[in-house]
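The values are calculated or read from the model by the stated rules, or taken from the named source; none is laboratory data. Keep in mind it's a predicted model, so treat the numbers as computed, not measured. Note that each Cβ is placed from the backbone with ideal geometry, even for glycine, and that neighbours are counted across all protein chains shown. Please note that ligands, DNA and RNA were not included when accessible areas were found on the heavy atoms of the full protein model with its side chains. Shrake-Rupley method; radii C 1.70, N 1.55, O 1.52, S 1.80 Å.
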Amino acid sequence: MTATHHDPPHEEYPAHFEPPHGPTWKLLFGAGLVRGGWMGAAGFVFGMLLVLVLRWWWSWEPYWNTEVILAVGGMVTAPIGFLAGIGSFDYWLYYISGRPTRPEDHTGHGAHTWKDYFRVNTDHKVIGIQYLVTTFVFFTIAGLMAMFFRAELAQPGLQFVDSQTFNGLVSVHATLMIFLFVIPAFAGLANFAVPLMLGAPDMAFPRLNALSFWLLPIAGTMFVASFLAPGGAFGAGWTGYAPLSEGQPLGQTFFNMGIQWAGASSIMTALNFLVTIITMRAPGMTFWRMPLLVWANFTTSLLVVIATPFIAGSQFFVMFDRIMHTSFFTPDGGGYVLGYQHIFWFYSHPAVYIMMLPGFGIVSEVISSMSRKPIFGYRLMALSLLGILVLGFSVWAHHMFVAGMADWLRVPMMITTLLIAIPTGIKVFSWTATLWRGRIHLTTPMLFALGFVTMFVIGGLSGIYLGSVPIDIAASDTYFIVAHIHYVLFGGSVFTIFAGVYYWFPKMTGRMYDERLGKLHFWLTFVSFNATFFPMHYVGLRGMPRRVSDYDSAFGDLNFAITISSFVLGASFVVFVYNIITSWVRGPIAESNPWRAHTLEWQVSSPPPIFNFDEIPQVVGGPYEYGVPGARHAVMSPAKEAKEAQEVHA
């Protein structure tokens, strides 16, 4: 007999199936922060070599130019390598490479453990929380910088830092607060709430949504890392006026490139919102049945898409002047110095409304649900948002009344500046009328909403003063301007962000926050904010210039009091952080609709299901019909019942 040969057993895989890899391979080469780290480093090396080879090829000496290498390697190719490493491009690269189609298993959608918040995730709810946590990290960093330079200003003279470092602290503080907190924090709240409000399963472009978030930490890291550059951080203010910015140290390039990444993130997010709002509304959700938060983000997204390319262009021109020795804004080379301000403010005044309109929407949601009344003048409220959108592009030069621009442009810009107070005034009167004779519940979100209305009125009134040419000439570049912008952006935008976080916290986490700590946070913030910034109106009109590290001793006592108040304001944020963290970990379980609100996000569980709705909601009425017998915004039922509800409502 002959021995029979048996082949060793082996596992058979179906066609096109790739055997699983081991844990070490997954750690190093699987999408995630580890792969992002080494691919980011590889991207930097590639960019550095690219610069060196090209400079050698074209005989540009010296071959080693630190600013160019950092601009290309550190701020372009390294971030692209990082994004590729964490998996932002995996799906698209797999698709365009022509490899076999993989069935979508949704493993990158939704949060099942805390680790899911540290990777590329396509769930809009996870992305919204990623936005918010990231923005509050940068809010903390920017706040610490503010406390540092307020300590410097506690008394005349130089105590802790020199003038250039002081300018860097002020510049990075303002840049982080605007581009890494206010704008993206609103994007985070909207990312979470808007698809739910529309009855949509997700955003229109989930992978683009994930990518837009991961651009933010790149931008923020660039801004903060500018302190490590030779010569220190960028010190030309968040406005980066040329030609001042063109003579700044290397840190200014970090600002120029950081703006590109933050701006790209904003544009991607805005396009996503526009397509989602226009195409993914639930059956019956007409434009006149959309919640005002959705209207606010619709108009904000239009502003972002139209205006943001202008600030991107202005920063590219400055960087070209610095690195490539062009003369867009340098007078010696025939550049148009005022051109920078025109381009910058054509974005940055609409940016004020980019930082305000989402807050208007949040306040409308909170005030209506907490006063148990329909929004007064709903359609006019929506139309006033569109009015602000249009008029917002006609007022930019009121920032330039003392810049030497053409005299004939002053009066038209003054008139349009005063006109834009009309649609904003409509909103204030509408909120007041909504509160009138309502059954008001003074919860923490409501307190912040009411605090916003009062603070925004003060900021708006000082804005009307500054819109008048003679008053602006007298108050320009003084602490009156500092007071105005903080009443608008802190008393306005930041108060509404806190209102939104407290309002949707039960929906995001499934737990309730501590109401007593929430109210303590509000009152500490409200009192210390006013104690910090209201006196600045006075010291500004007395003649104290802004953005200076030293000042006349006549302003010493008031500045000391302002500094003490600013530290109390910083301490109030500690209460918020403690409340949010402890409530998220061990707070009481929240009901699905603790506020008894009518909008769609409150008609599902807390937190919502992975794809938001187990069945498609049928919208049958408006979102704010509190106290109207038989009124419903939507029904979670088959089409027949929805039709009957529609007939009852009609």
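Can you pull out the residues in segment 429-452 that are part of a helix (DSSP H, G or I) and touching a helix residue (DSSP H, G or I) at 6+ places or on another chain (Cβ under 6 Å)?
Filtering segment 429-452 for residues part of a helix (DSSP H, G or I) gives 429-435, 444-452.
Within segment 429-452, Ser430, Trp431, Thr434, Leu435, Thr444, Pro445, Met446, Leu447, Phe448, Ala449, Gly451, Phe452 qualify.
For every residue, the table says whether it meets (1) in contact with a helix residue (DSSP H, G or I) (Cβ under 7 Å, 6 or more places away or on another chain); (2) modelled with pLDDT of 95 or more.
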position	(1), (2)
Asp557	no, no
Ser565	yes, yes
Leu569	yes, yes
Ser572	yes, yes
Val575	yes, yes
Thr582	no, yes
Gly587	no, no
Thr599	yes, no
Pro607	yes, no
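To keep it simple, each residue is scored yes or no on (1) more than 30 Å from Thr286 (Cβ to Cβ); (2) outside the structural domain of Tyr131 (by TED's automatic domain parsing); (3) of a type in the set (Ser, Thr, Tyr); (4) crowded, with 23+ Cβ neighbours inside 10 Å.
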| residue | (1), (2), (3), (4) |
| --- | --- |
| Gly199 | no, no, no, yes |
| Met203 | no, no, no, yes |
| Pro206 | no, no, no, no |
| Thr221 | yes, no, yes, no |
| Ala225 | yes, no, no, no |
| Gln248 | yes, no, no, yes |
| Gln252 | yes, no, no, yes |
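Within the set Tyr513, Tyr479, the sole residue that is open to solvent by less than 20 Å² (accessible area, probe 1.4 Å), of a type in the set (Ser, Thr, Tyr) and in contact with a strand residue (DSSP E or B) (Cβ under 8 Å, 6 or more places away or on another chain) turns out to be Tyr479.
Taking the criterion of being open to solvent by 10 Å² or more (accessible area, probe 1.4 Å), over 20 Å from the mean Cα position of the chain (by Cα) and hydrophobic (A, V, I, L, M, F, W, C), the residues of segment 331-390 that qualify are Val337, Leu338, Ile343, Ile375, Phe376, Leu380, Leu383, Leu386, Val390.
Yes/no matrix, rows are residues, columns are (1) touching a residue at least 60 places away in the same chain (Cβ under 8 Å); (2) more than 28 Å from Val182 (Cα to Cα):
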{"residue": "Pro62", "(1), (2)": "no, yes"}
{"residue": "Ile69", "(1), (2)": "no, yes"}
{"residue": "Thr77", "(1), (2)": "no, no"}
{"residue": "Ile80", "(1), (2)": "no, no"}
{"residue": "Val120", "(1), (2)": "yes, no"}
{"residue": "Val126", "(1), (2)": "no, no"}
{"residue": "Leu132", "(1), (2)": "yes, no"}
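Against the numbered list (1) open to solvent by less than 10 Å² (accessible area, probe 1.4 Å); (2) outside any loop (DSSP other than H, G, I, E, B); (3) touching a Phe, Trp or Tyr at 6+ places or on another chain (Cβ under 7 Å), Thr276 comes up short only at (3). Here Pro201 meets each of (1) under 30 Å from Phe613 (Cα atoms); (2) at pLDDT below 95; (3) not in a loop (DSSP other than H, G, I, E, B); (4) not aliphatic (A, V, I, L, M) with one exception, condition (3). Quick check on segment 83-97. Is at least one of its residues more than 18 Å from Trp214 (Cβ to Cβ), outside any helix (DSSP H, G or I) and open to solvent by 20 Å² or more (accessible area, probe 1.4 Å)? Yes: segment 83-97 contains one or more residues that are more than 18 Å from Trp214 (Cβ to Cβ), outside any helix (DSSP H, G or I) and open to solvent by 20 Å² or more (accessible area, probe 1.4 Å). Gly543 falls short on exactly one of the conditions (1) at pLDDT below 95; (2) assigned to a helix (DSSP H, G or I), and that condition is (2).
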